[in-house]
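Colleague: My structure is below; once you've seen it, I'll send some questions.
The values are calculated or read from the model by the stated rules, or taken from the named source; none is laboratory data. Keep in mind the model is a prediction, meaning the values are calculated, not measured. Heads up, the Cβs are rebuilt from the backbone with ideal geometry, glycines too, and the neighbour counts pull from every protein chain shown. To get the accessible areas, we keep the full protein, side chains included, count just its heavy atoms, and leave off ligands, DNA and RNA. Shrake-Rupley method; radii C 1.70, N 1.55, O 1.52, S 1.80 Å.
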Amino acid sequence: VLEGLTRWYRAQRADLLCIQEAQSAAAVAELAQLLEGSSHYCAGREHTQYGGCLVFNSGTVKADSAQAGAQVQRFWIKWALGGDSLCSVHLPSDRQLVKEQAARQRVAELNAMFAHAPAPDIVCGDFNEPPGGGVQQLMEARGFVDLAPRFGYGETDTHTRKHARRIDYVWVQEASVPRVKAFRVAEPAELALDGGRYLSDHLPLVVTLE
């Protein structure tokens, strides 16, 4: 799987990769070496297996949820390049919490992330909530735009095995939307393996910014 993902990542020629469910620092270091980039790993806080990482060619990691002592189930990582900043997040699902509690926790974790400087211009990752919930209300109230509807992907499921819902997002501050030159949700065929298996259970989101 790591070899297959590395091939796909390399083909994107990405300057920054935001990866969910990275389960060990060793795996992240190996991936970064294969891609000839720098990396930063953050273990999940309450659920360590739900860690995450960034792999990047330039820029600097400014903070993560572990360093901040944030009360999160999983993780967030903040990165900056020049005057631009980004946060990769993985919010709680309904799997470990009852539905109403999970919804409240997602909003609480986002608010706490925003309160910890720097405030990001872009927030991306697995939000574990379809459009129309508290996450969308919070992000729009803070001036962020969900890129998927702007580029015709508003109804696109972000799972390789169809669940008929979109839970992965790239949110961009309204003022920065004109800098977004392309956005797409990868096709399941790009991650397909033999026997109906896939390199990931989620589809990557690919963004081009000027």
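Colleague: Which of the following residues is more than 16 Å from residue 206 (Cα to Cα) and not aliphatic (A, V, I, L, M): 9, 50? Before the answer, list the steps.
Modeller: On the way: 9 fails: more than 16 Å from residue 206 (Cα to Cα).
Unique residue meeting the criteria: 50.
Colleague: Please work out which one of (1) modelled with pLDDT of 95 or more; (2) of a type in the set (A, V, I, L, M, F, W, C); (3) open to solvent by 40 Å² or more (accessible area, probe 1.4 Å) is the condition residue 72 fails and give its number.
Modeller: Residue 72 satisfies every listed condition except (3).
Colleague: Pick out the one residue from 85, 65, 58 that is touching a residue at least 24 places away in the same chain (Cβ under 8 Å), over 17 Å from the mean Cα position of the chain (by Cα) and under 19 Å from residue 121 (Cα atoms). Explain how you work it out, then say what you get.
Modeller: Working: 85 fails: over 17 Å from the mean Cα position of the chain (by Cα); 65 fails: over 17 Å from the mean Cα position of the chain (by Cα).
Result: 58 is the single residue among 85, 65, 58 that is touching a residue at least 24 places away in the same chain (Cβ under 8 Å), over 17 Å from the mean Cα position of the chain (by Cα) and under 19 Å from residue 121 (Cα atoms).
Colleague: Every residue in the range 21-39 that is surrounded by 20 or more Cβ atoms within 10 Å (Cβ to Cβ) and not in a helix (DSSP H, G or I), please.
Modeller: Result: 22, 39.
Colleague: Please state which of the following conditions residue 202 fails to meet, knowing it meets all the rest: (1) touching a Lys or Arg at 6+ places or on another chain (Cβ under 9 Å); (2) modelled with pLDDT of 95 or more.
Modeller: (1)
Colleague: Right, here's the next one. Kindly indicate whether residue 53 is closer than 24 Å to residue 199 by Cβ and either surrounded by fewer than 18 Cβ atoms within 10 Å (Cβ to Cβ) or in contact with a Gly (Cβ under 8 Å, 6 or more places away or on another chain) (or both). Reasoning before the result, please.
Modeller: Values: closer than 24 Å to residue 199 by Cβ: yes; either surrounded by fewer than 18 Cβ atoms within 10 Å (Cβ to Cβ) or in contact with a Gly (Cβ under 8 Å, 6 or more places away or on another chain) (or both): no.
Answer is no for this residue.
Colleague: Also, quick follow-up: Taking the condition within 26 Å of residue 193 (Cβ to Cβ), hydrophobic (A, V, I, L, M, F, W, C) and open to solvent by 70 Å² or more (accessible area, probe 1.4 Å), does residue 14 pass?
Modeller: Details: within 26 Å of residue 193 (Cβ to Cβ): yes; hydrophobic (A, V, I, L, M, F, W, C): yes; open to solvent by 70 Å² or more (accessible area, probe 1.4 Å): no.
So residue 14 does not fit the description; no.
Colleague: Still on this structure, I have one more. State which residue is modelled with the highest pLDDT when the search covers only the range 137-196 and only residues that are surrounded by fewer than 14 Cβ atoms within 10 Å (Cβ to Cβ) and within 14 Å of residue 126 (Cβ to Cβ).
Modeller: Among those residues, the one meeting the criterion is 165.
Colleague: In the range 122-152, which residues are under 14 Å from the mean Cα position of the chain (by Cα) and assigned to a loop (DSSP other than H, G, I, E, B)?
Modeller: If the condition is that a residue be under 14 Å from the mean Cα position of the chain (by Cα) and assigned to a loop (DSSP other than H, G, I, E, B), then 127, 128, 129 are the ones that fit.
Colleague: Under 7 Å by Cβ, and 6 or more places apart or on different chains, what pairs join a residue from the range 194-210 that is of a type in the set (D, E, K, R) with one that is open to solvent by 70 Å² or more (accessible area, probe 1.4 Å)?
Modeller: If the second residue must be open to solvent by 70 Å² or more (accessible area, probe 1.4 Å), the pairs left are 201/161; 210/179; 210/181.
Colleague: Could I ask something else about it? Please work out which residue is farthest from the chain's Cα centre (by Cα), limiting yourself to the range 162-209 and to residues that are within 19 Å of residue 93 (Cβ to Cβ) and either among the small types (Gly, Ala, Ser) or in a helix (DSSP H, G or I) (or both).
Modeller: 164
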